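Written below as structure tokens is the structure these notes are about.
The values are calculated or read from the model by the stated rules, or taken from the named source; none is laboratory data. Bear in mind the structure is a predicted one, so any value in this text is a computation, not a measurement. Here Cβ is always computed from backbone atoms with ideal geometry, including for glycine, and neighbour counts include all displayed protein chains. Just the protein is used for accessible areas: all its heavy atoms, side chains included, with ligands, DNA and RNA removed. Shrake-Rupley method; radii C 1.70, N 1.55, O 1.52, S 1.80 Å.
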Amino acid sequence: MTSRYGATRDDLARIVEHLGEPPYRARQLHEGLYELRRPLEALTNLSKDLRARLADALPLAFTADAEQHGDHGMTTKWLWRAADGSQVETVLMRYPDRATVCVSSQAGCAMACTFCATGQAGFERHLDSGEILEQILRAQHGSPERVSNVVFMGMGEPLANTDAVLDACTRLHDDVGLSARHITVSTVGVVPGMESLADFALPVTLAVSLHAPDDALRERLVPLDRRYPIDAVLGAAREYASRKGRRVTFEYACIDGVNDHPAQADALARRLLGFRGGTHVNLIPLNPTGGFPGRASPRARIEAFASALRAHGVQASIRQNRGTDIDAACGQLRSRIAPGTWTPGRSATMAP
Ligand code: SAH
């Protein structure tokens with residue numbers, strides 16, 4: 001059985017026909033779920049009885065194990081559970097006139113980045129594109145603002161699950177109506193996946209998690225660096241930039257005394273020259289995780305690092321951390337609290 005958001009337009013047409021309904025019902029259903037972005041139960045132009053039969057024919061892939069609110073109600077995190085028991089998280093970040101959803105592409109992750117909570121926990125399984133879409137649409141149901149941006153920065157390595165992720169991108173563009181540039185695929189540097197992304201029809205935004213200016217340091221933080229060293233990753237990123245004409249973003253988690261020296265900013269800037277469209281470095285203060293001893297760089301040090309990059313003509317910004325009060329910040333997803341003990345309402349005082 002296909003899940004509610006795994007069903008394509010053709011699948012919906014078949015299911016509606018099977019239920020003995022006229023074809024225009026499938027169009028109403030598709031419009032309600034994707035263009036209007038409403039939950040099935042709220043599609044009141046379909047009879048209550050039909051909605052109930054559709055709900056049976058098109059089950060959701062996830063049940064919510066928990067929902068937490070932080071940042072005075074502007075950040076929401078969901079912990080979802082699939083029928084097989086896999087758990088993934090989704091974060092909604094609201095802004096005054098729009099919203100961004102941070103989605104998971106896998107349950108767990110095999111990349112084992114040493115500072116990342118998901119990497120510390122290991123790999124469970126890939127998500128399918130319906131499970132990816134469902135995270136975004138159910139986050140939309142919880143957001144008064146229209147979701148305009150999707151970032152693949154939740155759990156998992158999107159370019160280790162390329163088919164499902166690219167299919168989800170296509171459906172986000174075609175069905176949900178997001179602009180390709182507002183979809184960001186963040187990778188630790190899986191070079192073959194980056195090449196597939198360059199061949200992909202949509203010019204989505206590419207973000208590359210670099211975290212170090214040299215391989216000696218990077219391979220301690222990102223084990224995949226041994227397979228795809230910085231030169232190979234930057235080569236694939238340059239190719240992406242020139243094929244798509246899109247500026248590439250680099251993510252850099254600032255770790256006190258490890259990768260935040262001004263000389264490391266100089267070395268990083270030198271490696272980032274010669275990109276078509278320029279580059280942009282996103283500096284993220286490290287979020288502490290249980291399995292990694294490092295701390296976040298102090299604010300002044302991150303600012304000095306950003307200035308050093310800018311002095312070389314590399315754009316840099318310091319990412320505002322959202323969701324730290326509900327463990328929804330980068331790399332913290334599904335951390336600290338053992339399954340089953342993570343209950344809603346932990347931060348109830350933060351709810352709107
Ligand atoms: N696998 C993808 C998506 C991972 S999450 C990737 O590696 O890009 C998105 C970003 O959060 C990545 O840049 C990741 O390195 C970063 N991140 C992970 N753990 C973090 C932590 N503890 N503190 C700060 N950033 C972290």
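Of all the listed residues (Ala107, Ala66, Ala99), the sole one being in a strand (DSSP E or B) and at pLDDT below 95 is Ala66. For the stretch 195-211, taking the residues that are more than 26 Å from Ala267 (Cβ to Cβ), within 16 Å of the ligand (Cβ to nearest atom) and among the hydrophobic types (A, V, I, L, M, F, W, C), the one that is nearest to the chain's Cα centre (by Cα) is identified as Val204.
Contact map, the stretch 146-160: first residue free of Cβ contacts under 8 Å to residues at least 24 places away in the same chain, second residue assigned to a strand (DSSP E or B) and more than 6 Å from the ligand (Cβ to nearest atom), Cβ cut-off under 6 Å, separation 6 or more or different chains; the map is empty. Of all residues in the stretch 196-211, one or more are open to solvent by 10 Å² or more (accessible area, probe 1.4 Å), within 18 Å of Phe115 (Cα to Cα), at pLDDT 95 or above and assigned to a loop (DSSP other than H, G, I, E, B). The numbered conditions (1) surrounded by fewer than 21 Cβ atoms within 10 Å (Cβ to Cβ); (2) outside any helix (DSSP H, G or I) are all true for Arg14 except (2).
Of the set (1) surrounded by 21 or more Cβ atoms within 10 Å (Cβ to Cβ); (2) within 30 Å of Arg226 (Cα to Cα), all apply to Gly122 but (1). In the set Leu127, Leu133, only one residue is away from the ligand (no atom under 16 Å from the Cβ), open to solvent by less than 30 Å² (accessible area, probe 1.4 Å) and in contact with a helix residue (DSSP H, G or I) (Cβ under 7 Å, 6 or more places away or on another chain); that residue is Leu133. Looking across the stretch 254-288 at every residue that is crowded, with 21+ Cβ neighbours inside 10 Å and part of a loop (DSSP other than H, G, I, E, B), the one that is farthest from the ligand (Cβ to nearest atom) is identified as Leu272. Quick one: would you say Gly340 is assigned to a loop (DSSP other than H, G, I, E, B) and at pLDDT 80 or above? No, not satisfied.
Yes or no, residue by residue, for (1) within 21 Å of Pro285 (Cα to Cα); (2) not hydroxyl-bearing (Ser, Thr, Tyr):
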{"position": "Leu178", "(1), (2)": "no, yes"}
{"position": "Thr187", "(1), (2)": "yes, no"}
{"position": "Val204", "(1), (2)": "no, yes"}
{"position": "Asp214", "(1), (2)": "yes, yes"}
{"position": "Glu219", "(1), (2)": "yes, yes"}
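Tell me whether the stretch 24-32 contains one or more residues that are out of contact with any Asp or Glu (no Cβ under 9 Å at 6 or more places or on another chain), small (Gly, Ala, Ser) and buried (at least 18 other Cβ atoms within 10 Å of the Cβ). The answer is yes; a qualifying residue exists.
Determine whether Val150 is closer than 20 Å to Met74 by Cα, modelled with pLDDT of 95 or more and within 15 Å of the ligand (Cβ to nearest atom). Judged against the criteria, Val150 is a match. In the stretch 212-225, the qualifying residues are those that are open to solvent by 20 Å² or more (accessible area, probe 1.4 Å) and touching a Cys at 6+ places or on another chain (Cβ under 9 Å), and the one that is nearest to the ligand (Cβ to nearest atom) is Leu224.
Just one of the listed residues (Arg98, Arg51, Arg94, Arg81) is within 21 Å of Gly142 (Cβ to Cβ), open to solvent by 10 Å² or more (accessible area, probe 1.4 Å) and in contact with a helix residue (DSSP H, G or I) (Cβ under 7 Å, 6 or more places away or on another chain), and it is Arg51.
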